[in-house]
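**Q** Could you have a look at this structure, given as structure tokens, before my questions?
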Amino acid sequence: MIILHPDLLLTATALSNAPQCKRKPILSSLVRSTSDVTPALVWGSMLHEVMQRCLTEDRWEETFVDRCINEAVLGGLGELVKIGLSEDIARTEVAERAKGMKLFKDKYLSQEPKVCGKSTSNFPLSSHVRSQSTAILTNTRSGASDAPSLLAITKLLDIEEDIWSPTFGLKGKLDATVQGIISDPSSPSSSSYRAPPSYTQTNTPLPLELKTGRSLAGMEHRAQTMLYTLLLSERYGVDTKDGLLFYTQSEGGEIVRVPRGRNEIRGLMSARNEMASYMWRRVRKGKSKAMDLDMEVDIEDASPGVSNPNPPANSGIEDEPFLPPPIDDERACKRCYALDTCLLFRKTHPNHSSSAPKKKRLTYDPPIPAFLAPIFDAKTEHLSSKQTAFFRDWERLLALEERDLVRFKRELWTLGAGEREKRGRCFSGMVVNRQIKNYGAADKTGGVWGKEGKIHRYTYSFIRSGRWVAPFPSSPTQSPTSKLSLLNGHLNTGDPITVSIEPNLLALARGYILELNPEEVVIGVDHVLDESSLKERVQRTRSAEDDEDDSELVFRIDKDELFGSMARVRSNLAQLFYAGGDAKRLSLVVDLRKPIFSAPTPPFVVTPSNPSTPPHLAHLNPSQLDAMHKVLSAEDYALILGMPGTGKTTVIAALIRELVRRGKTVLLSSYTHSAVDTILMKLENEGGGKDGAGASFGVLRLGNTDKVCL
Ligand code: SF4
């Protein structure tokens, strides 16, 4: 099997959509919106949380399940507000979908496959009965008269395991990884049960995908699960031939078996290669040096120019189509969730580029078909040629940004830890610090279930291994064997990181740096780093010739380059251009309509000499007061420009106080958490609240608790 551009890791979910339309998954990876929340998605995400928690804690009693549902609902209040439904409705909906969980537990969670609800150790396997409580592993591809296979899930290995595989050019987040015993009839079955079959057993790690609903094993679900068997085989160093699908609302609570089909995998991987070849056209730099990701591009050449819609000749972006042609299938397109984005790109990137029609193209968009013409007009007719060019130019700039992300991402598997540490983006040769009582193996300090607790569930302290040799001396006078300070590189407190073991166990856990000093780094991560099971996996995944010393488990901690993505930024850009989108901002930002200013109400009459001037304004200088006046007069927006040290922070703090005094609610946001915290600390320190301490109004601070300083 040839993997084209393996550095591009496509998600198994995206690939499972590819057989129908290859354009759709690429569009979804380019433009990711948080606003497309539907009730089905919300119930699904809550139910996943409930099921994963029951699996983790191995508790299935009704009161516990109810408690998990309640906590999942409370943790998803934000989503409930978006879909406009109440907590009570959410509880009912999730409980309805959780009905199959108890059956799942009774049938499959066991050390041996169950027959009629009993362990096969005291109930001969061969005398199986097709009863509700037998742990039958449903196979939608087998005949009705075939003797069924049986399943026992003996252990939960992980939940939400995030696996990156440059070997297959894939990545995926598995709902659950379980150790399972599958008992297969080893002799051809007869149509009657007079001659019970004998059974053979396999015991391997298996991917378990959880799906809400009743429908059994649609093509997309099967494809996704099959791809997970590839990821799991590599991650655990075993040959996982089957995946499991569990539909939480299925009548009998049965699990569906998804065997890894050779032809299906071949078809999926060839779709992956085709998609990767399209995507690669966007990340490579310059056509002549397609493989050279490090080649620099002059940003000026790619800067947006509304009067020049043609892309710059040497950016290598959009010289060729980067999206597969639309399929124009009436049934599929009318129901497609990416329809708006698809049509926006079709309008703004006709045949993907208006440049150089003489160039030979690999693909052409077909003409808009009759069924789509009225929809296309309704969705895009409002866009002027200037607006179309604006979207195309800014979208291209985002693609340029993405090139760097891809370059940094691939360093995790193309550069050794030492090499990457030289670039300041990794701590190499790290071991778990056993000296510290509070940290270390599976110390669960952030064990809050729900969205807040997902990224920081476990805390670990790491130090350099005693056998570690510095990849370079930290100063000309220092030898490579002296300890290199962890403060030397570009990693800082609050940075997102991944924890890996070379060469195959990439990104075992993700999280943030909590504390950092020259010898030690403390991190909060989303997965347990269980050293004994990791050692086994390291030994299995290493080749026989590898003579590495496995007595000590050595980790690398990398800056998490997957953290950033332009998909959300691109979505924000697209929101301006969709029909029914943000027309006001479209005219202000794209058409450059001048912002309107009018006298503030109540009038702004503050002067430093005025005795009625509120105290938070009295200390402002005339330029700062001018800035305040401008902002308070703005109907659309106002920009304050100032050199460092000219008092912009002071103006912002005073502005917040003044707006609150006028009965307004203020949203303060910034690109960094620290900038928001600086303003909030200023409000806190300047007093004004009760007894002169703190702000005189309430502040709700949103953000990752590990990154917020207050
Ligand atoms: S609208 Fe049609 S062509 Fe476009 S992404 Fe969806 S299914 Fe594919």
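The numbers here are math on the coordinates, done by the rules we state, and not lab data. This is a predicted model, so every value here is computed, not measured. Counting neighbours? That spans all protein chains shown, and the Cβs are built from the backbone with ideal geometry, glycine included.
**Q** Using a Förster radius of 56 Å, what is the FRET efficiency between ASN517 and SER198 based on their Cβ-Cβ separation? Nearest 0.05, please.
**A** According to the calculation, E is roughly 0.35.
**Q** Report the extension gain between LEU659 and LYS99 in nm, rounded to one decimal, defined as 0.36 nm multiplied by the number of residues separating them, less their alpha carbon distance. The partial results should precede the final answer.
**A** Numbers: separation 560, 0.36 × 560 = 201.60 nm, distance 5.04 nm.
This chain segment gains 196.6 nm when fully extended.
**Q** What does the charge add up to near ARG67, with Lys and Arg as +1, Asp and Glu as -1, over the other residues with Cβ less than 13 Å from its Cβ?
**A** -3
**Q** If I stretch the segment between LYS584 and VAL81 completely, what's the gain in nm (0.36 nm per residue apart, minus their alpha carbon distance), one decimal?
**A** Values: separation 503, 0.36 × 503 = 181.08 nm, distance 2.44 nm.
Full extension of this stretch gives 178.6 nm more.
**Q** For PHE64 and TYR337, what is the calculated FRET efficiency with R₀ set at 35 Å and r taken between the beta-carbons, to the nearest 0.05? Kindly include the intermediate steps, with their values, before the conclusion.
**A** On the way: r = 35 Å, r/R0 = 1.00.
The pair PHE64/TYR337 has a calculated efficiency of 0.50.
**Q** Say each of THR414 and SER669 gets a label point 7 Å from the Cα, pointing the same way as Cα to Cβ; how far apart are those two points in nm?
**A** It is 3.4 nm.
**Q** OK, next. Hey, rough spin-label estimate for SER533 and HIS382, points 7 angstrom out along Cα→Cβ, what's it come to in nanometres?
**A** So the label points at SER533 and HIS382 sit 5.2 nm apart.
**Q** Residue by residue through the range 40-53, which ³J(HN,Hα) values in whole Hz follow from phi under the Karplus form 6.51 cos²θ - 1.76 cosθ + 1.60 (θ = phi - 60°), with glycine and proline marked x?
**A** So the Karplus estimates, Gly and Pro as x, are 4, 5, 5, 5, x, 5, 5, 5, 4, 4, 5, 5, 5, 5 Hz.
**Q** While we're on this one: When the Karplus curve 6.51 cos²θ - 1.76 cosθ + 1.60 is applied with θ = phi - 60°, which whole-Hz ³J(HN,Hα) does each residue of the range 262-268 get, with x for Gly and Pro?
**A** Computed from phi, the couplings for the range 262-268 are 4, 5, 5, 5, 4, x, 5 Hz.
**Q** Sequence-distant or interchain residues sharing an amide H contact under 5 Å with ILE255, placed H: which?
**A** THR138
**Q** In terms of modelled amide H atoms, which long-range or inter-chain residues lie less than 5 Å from the amide H of TYR199?
**A** For TYR199, the qualifying residues are SER186.
**Q** Something else about it: Taking θ as phi - 60°, what are the ³J(HN,Hα) couplings along the range 418-432 by the Karplus curve (6.51, -1.76, 1.60), each to the nearest whole Hz, with x for Gly and Pro?
**A** x, 4, 6, 5, 4, 8, x, 10, 7, 9, 9, x, 9, 10, 5
**Q** Can you list the residues, at least 5 places off or on another chain, whose amide H is less than 5 Å from the amide H of VAL178, using H built in the peptide plane?
**A** LEU157, LEU206, LEU208
**Q** Fewest first, what order do VAL666, VAL590 take by the number of other Cβ atoms within 10 Å?
**A** Fewest to most other Cβ atoms nearby, the residues stand as VAL666, VAL590.
**Q** Measuring from label point to label point, each 7 Å out along Cα→Cβ, what is the ASP626 to LEU4 span in nm?
**A** Simple spin-label model gives 5.9 nm for this pair.
**Q** Would you please classify the overall shape of the range 5-92 from the alpha carbon gyration tensor, given that a ≥ b ≥ c denote the square roots of the eigenvalues, rounded means a/c under 1.5, and beyond that prolate means a/b larger than b/c while oblate covers the rest?
**A** Here the range 5-92 falls in the oblate category.
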